[in-house]
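Asker: Below you will find the structure I want to go over with you.
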Amino acid sequence: VYAEGIKSARSMCLSDKGTLYIGSRDGGRVWAIRDENKDHKAEKVYTIAKGLNAPNGVAFKNGDLYVAEINRILRFKNIENNLENPGQPEVVYDKYPTETHHGWKYIAFGPDGKLYVPVGAPCNICESKDPIFNTITRLDVVTKQMEIVQRGVRNSVGFTWHPDNKELWFTDNGRDWLGDDIPACELNHALKDGQHFGYPYCHQGDMQDPEFGSKGNCADFTAPAQKLGAHIAPLGLEFYTGNQFPEMYRKQILIAEHGSWNRKSPQGYRISLVQLDKNQKAISYTNFAEGWLQNGKAWGRPVDLEHLPDGSLLVSDDYADVIYRISYSK
């Protein structure tokens with residue numbers, strides 16, 4: 001355990017000075033924690049904000065902390081020097097939808113320096129008149145210009161970029177109420193801007209939706225790079241880029257599976273590993289860390305992953321309200 005008592009610990013980001021910022025979906029708080037004495041346990045805990053509207057997403061850039069509420073992006077300027085008294089944030093952008101269904105957001109700055117912000121579907125399955133839904137958007141935090149980057153994405157709460165070619169990879173949560181085993185949740189790979197990943201017409205790359213499938217052929221959409229388990233709720237993901245773990249993990253994908261909420265036999269509640277070949281094609285989907293589900297009952301739910309500079313891996317858990325550290329030694 002790296003830190004405990006972090007209520008509803010969700011998305012994480014690490015500053016260049018070693019401060020870990022943590023958003024929450026329930027409770028409205030944003031946290032900051034520090035391991036001052038380098039013993040791999042964070043003994044300093046700060047409350048950056050409270051009473052916010054599901055501030056799930058956090059991102060750090062140029063000394064400032066960005067926080068995503070349901071419909072807006074906030075910025076705490078010069079946050080590293082003001083952890084004790086961060087003050088009121090400024091509103092960077094407030095034109096995202098106010099719908100709360102799949103409205104909580106994961107955010108991250110891309111290689112282009114812009115802030116990527118998903119907008120989930122406002123339903124389990126539906127066609128949305130407003131084109132902003134079911135997308136991943138890109139926001140220029142200087143000019144305040146927002147654009148849609150990817151479409152047909154039901155609910156992505158985690159994305160990252162390949163460390164070499166900087167292409168976007170993201171998780172997507174599949175629809176509910178078609179049974180325990182379909183459709184699969186997805187790991188997706190965007191080769192360029194402007195792709196469509198199927199929702200609400202096609203799921204898992206090869207399954208027409210029973211209600212909306214007649215309006216779109218699966219062959220017309222981008223299929224997932226890897227089908228994940230049905231209802232496992234994949235959230236944060238990272239390419240492992242550290243040097244601490246064995247070579248087999250280098251530049252491979254680790255995914256936090258939050259766990260199913262309506263499946264008769266629960267599954268997920270683990271960190272999975274998707275291995276890629278030299279052409280970035282998925283060749284395996286296996287366990288990396290498990291045990292949060294015991295005898296069909298969960299005591300923890302992984303949400304997000306973050307590297308530490310020493311090559312170890314942090315994992316947030318919004319059920320047990322803790323941050324774990326996973327390290328490797330021979």
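The values are calculated or read from the model by the stated rules, or taken from the named source; none is laboratory data. The shown structure was predicted, so the numbers you read here are calculated from the model rather than taken from an experiment. Reconstructed Cβ throughout: ideal geometry from the backbone, glycine too, with neighbour counts over all protein chains shown. Only protein heavy atoms, including side chains, enter the accessible area calculation; ligands, DNA and RNA are left aside. Shrake-Rupley method; radii C 1.70, N 1.55, O 1.52, S 1.80 Å.
Asker: Among the residues of the range 14-46, count how many are more than 15 Å from ARG325 (Cβ to Cβ), open to solvent by less than 10 Å² (accessible area, probe 1.4 Å) and of a type outside the set (Ser, Thr, Tyr).
Answerer: Within the range 14-46, residues that are more than 15 Å from ARG325 (Cβ to Cβ), open to solvent by less than 10 Å² (accessible area, probe 1.4 Å) and of a type outside the set (Ser, Thr, Tyr) number 4.
Asker: Mind counting the residues in the range 238-249 that are within 20 Å of the chain's Cα centre (by Cα) and assigned to a loop (DSSP other than H, G, I, E, B)?
Answerer: Total meeting the criteria: 3.
Asker: Between VAL141, VAL117, which is open to solvent by less than 30 Å² (accessible area, probe 1.4 Å), farther than 21 Å from ASN165 by Cβ, not charged (D, E, K, R) and not in a loop (DSSP other than H, G, I, E, B)?
Answerer: VAL117
Asker: Those residues that are buried (at least 17 other Cβ atoms within 10 Å of the Cβ) and of a type in the set (Val, Ile, Thr), I need them from the range 252-283; list them, please.
Answerer: ILE253, ILE255, ILE271, VAL274
Asker: Can you work out which of the residues in the range 318-330 that are among the aliphatic types (A, V, I, L, M) and open to solvent by 20 Å² or more (accessible area, probe 1.4 Å) is farthest from ASP26 (Cα to Cα)?
Answerer: ILE326
Asker: Being touching a Ser or Thr at 6+ places or on another chain (Cβ under 6 Å) and of a type in the set (Phe, Trp, Tyr) narrows it down to one residue among PHE221, PHE212, PHE170, PHE159; which is it?
Answerer: On inspection, the qualifying residue turns out to be PHE170.
Asker: Does TYR249 fit the bill of being on the phi < 0 side of the Ramachandran plot, out of contact with any strand residue (DSSP E or B) (no Cβ under 7 Å at 6 or more places or on another chain) and buried (at least 18 other Cβ atoms within 10 Å of the Cβ)?
Answerer: yes
Asker: Are any residues in the range 290-317 more than 22 Å from LYS264 (Cα to Cα) and open to solvent by 20 Å² or more (accessible area, probe 1.4 Å), and if so, which ones?
Answerer: GLU306, HIS307, LEU308, PRO309, ASP310, listed by residue number.
Asker: Within the range 48-109, considering only strands (runs of 3 or more DSSP E) that don't extend past its boundaries, which have at least 1 residues that are of a type in the set (Lys, Arg)?
Answerer: Answer list for the range 48-109: 57-61, 73-76.
Asker: OK, next. Restricting to the range 185-202, name every residue that is open to solvent by less than 10 Å² (accessible area, probe 1.4 Å) and not in a loop (DSSP other than H, G, I, E, B).
Answerer: Residues satisfying the conditions are CYS185, LEU187, ASN188, ALA190, CYS202.
Asker: Conditions first: (1) surrounded by 20 or more Cβ atoms within 10 Å (Cβ to Cβ); (2) under 18 Å from the mean Cα position of the chain (by Cα). ILE79 passes all but one, so which condition is the exception?
Answerer: Unmet for ILE79, out of (1) surrounded by 20 or more Cβ atoms within 10 Å (Cβ to Cβ); (2) under 18 Å from the mean Cα position of the chain (by Cα): (2).
Asker: Kindly indicate whether ASP164 is over 20 Å from TYR116 (Cβ atoms) and assigned to a loop (DSSP other than H, G, I, E, B).
Answerer: no
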